[in-house]
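The structure appears below as structure tokens.
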Amino acid sequence: INRLVPPSAADVNKLHKQLMQAGYRSASAPSVFRVTQLMLMLALPTFFVLLWMTLARPMDEVILPALCAFGAGFLLPRFVLNRMIANRKLRITWGLAAALDLMVITMEAGLGLNAAMLKVCEELKTVHPDISKEFELANLEIRVGRERSEALRNLADRSGVEDLNSLVGMLIQADRFGTSIARAVRVYSDSLRTKRRQR
């Protein structure tokens, strides 16, 4: 039971980051996750005890199944969360190639990075909603006054996708040293397409 209450702020932040990578950004998401975990840890053993009573089986035989159900109640939410993170990362990875192609086209047509990201949000909303939403949130952060480099880092942290993290690092470096962002994005897009083909 003690493991349900995070002993430090670092554990809370870690769970919150995992939930964001699964697509749950609400501040209350960690609390909801913990409550769900606790409810399952109580509900599953109770179900087995009631089932044993209904079947009129000896109560000493229910101890092991109840303990297994208690453990399953603790592990099941974690398993589901990890699967959701993995699936979302995969969707973002596959959507990133399309997003980069669109960014290259729009930036070489004369748009800046922010406008190119906004174009990605609009065009990929139905085809790749996960990557579209992440770019939209990054754009909103920039609009409310956050530094572009910080907004891009937050984009990488929220997704947890290594390819997107590398892209963000490249964009920040290109922006800092004044090199052509459009050219850098094109080079990265070509390398990403090769990696995708190899996968």
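Quick one: in segment 89-106, of everything that is of a type outside the set (A, V, I, L, M, F, W, C) and surrounded by 20 or more Cβ atoms within 10 Å (Cβ to Cβ), which residue is farthest from residue 158 (Cα to Cα)? Steps first, answer last, please.
To start, the set of residues in segment 89-106 that are of a type outside the set (A, V, I, L, M, F, W, C) comprises 89, 91, 93, 95, 101, 106.
Within this subset, residues satisfying the condition of being surrounded by 20 or more Cβ atoms within 10 Å (Cβ to Cβ) are 93, 95, 106.
Values: 93: 13, 95: 15, 106: 25 Å.
Selected residue: 106.
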So residue 120, is it closer than 17 Å to residue 19 by Cα, of a type in the set (A, V, I, L, M) and crowded, with 20+ Cβ neighbours inside 10 Å
no
Hey, among the residues in segment 163-186 that are over 26 Å from the mean Cα position of the chain (by Cα) and either open to solvent by 70 Å² or more (accessible area, probe 1.4 Å) or among the hydroxyl-bearing types (Ser, Thr, Tyr) (or both), which one's nearest to residue 151 (Cα to Cα)?
176
Among the residues of segment 48-74, how many are open to solvent by less than 80 Å² (accessible area, probe 1.4 Å) and either within 26 Å of residue 92 (Cα to Cα) or in a helix (DSSP H, G or I) (or both)?
12
Any chance you could count how many residues in segment 30-47 are free of Cβ contacts under 8 Å to residues at least 40 places away in the same chain, under 21 Å from the mean Cα position of the chain (by Cα) and open to solvent by less than 50 Å² (accessible area, probe 1.4 Å)?
2
Pick from segment 5-25 the residues that are open to solvent by 60 Å² or more (accessible area, probe 1.4 Å) and part of a loop (DSSP other than H, G, I, E, B): which of them is nearest to residue 87 (Cα to Cα)?
24
Name the one entry in 115, 138 that is within 19 Å of residue 21 (Cα to Cα), assigned to a helix (DSSP H, G or I) and not hydroxyl-bearing (Ser, Thr, Tyr).
138
Boolean, residue 133 is closer than 24 Å to residue 19 by Cβ, outside any helix (DSSP H, G or I) and of a type outside the set (Gly, Ala, Ser):
no
Which one of these is of a type in the set (Gly, Ala, Ser) and more than 30 Å from residue 188 (Cα to Cα): 72, 99, 86?
72
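For residues that are modelled with pLDDT under 85 and in a helix (DSSP H, G or I), scanning just segment 158-180, find the one that is farthest from residue 114 (Cα to Cα). So that I can check it myself, show each step before the final result.
First pass over segment 158-180, keeping only residues modelled with pLDDT under 85: 174-180.
Those left that are additionally in a helix (DSSP H, G or I): 174-177.
Working: 174: 14, 175: 12, 176: 15, 177: 17 Å.
The extreme case among them is 177.
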Can you tell which of 127, 144 is in contact (Cβ under 8 Å) with a residue 12 or more places away in the chain and surrounded by fewer than 17 Cβ atoms within 10 Å (Cβ to Cβ)?
127
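The values are calculated or read from the model by the stated rules, or taken from the named source; none is laboratory data. Not measured: the values here are computed from a predicted model. Note: ideal-geometry Cβ built from the backbone for every residue, glycine included; neighbour counts use all protein chains shown. For the accessible areas, the whole protein counts, side chains as well, though only heavy atoms, and no ligand, DNA or RNA atoms are used. Shrake-Rupley method; radii C 1.70, N 1.55, O 1.52, S 1.80 Å.
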